[in-house]
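The next block holds one structure in the form of structure tokens; read it before the comments.
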Amino acid sequence: MKCPKCSADMGKVRFEGVEVDRCSGCHGIWFDMLEHEDLKAIAGSEAIDTGDVAQGRSNDATRRIRCPVCDQPMIAMVVAGQPHIAYEACTVCYGIYFDAGEFRDFREETFAEAWRAIFGGGKSAG
């Protein structure tokens, strides 16, 4: 499999029985359907995200990418409750791609982010 951002080879990485694909070049991570949620629930899983955050941020500018699994165009998305995390998603196979550093950020949801996700962050209309 080739990285949808930099075209380097993607290698298999396993953590607690969940296998994902990590780019050997830019260190972005490909998750098959719901693997990112499975890993988020496992303590220490942020260790799979070994990439440089600055490299990941620079790769954010590359948006028109194709799914490395089914070769369909991917769409830009943000994480609910953590809208500063932008990622790409495939609408056909439901895989997602996080740039380097994004899974660590996703995994380390802050208390304030969790609070807003549960109770909302806006002011009431009354």
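Figures for the structure shown
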quantity	calculated
Single residue of region 3-46 satisfying the filter (on the phi > 0 side of the Ramachandran plot and out of contact with any helix residue (DSSP H, G or I) (no Cβ under 8 Å at 6 or more places or on another chain)) that is surrounded by the fewest Cβ atoms within 10 Å (Cβ to Cβ)	GLY17
Output for region 55-80, where each listed residue is without any contact (Cβ under 8 Å) to a residue 40 or more places away in the chain and more than 14 Å from the chain's Cα centre (by Cα)	SER58, ALA61, ARG64, CYS70, ASP71, GLN72, PRO73
Pair list, Cβ < 7 Å and 6+ apart or interchain, from region 25-37 residues that are touching a residue at least 24 places away in the same chain (Cβ under 8 Å) and closer than 23 Å to GLN55 by Cβ to residues that are in a helix (DSSP H, G or I) and among the aliphatic types (A, V, I, L, M)	ILE29/ILE48
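Every number in this text was worked out from the coordinates using simple rules, so none of it is lab data. Since the model is a prediction, treat every value here as computed from it, not as a measurement. Neighbour counts are summed over all protein chains in view; Cβ atoms, including those assigned to glycine, are modelled from backbone coordinates with ideal geometry.
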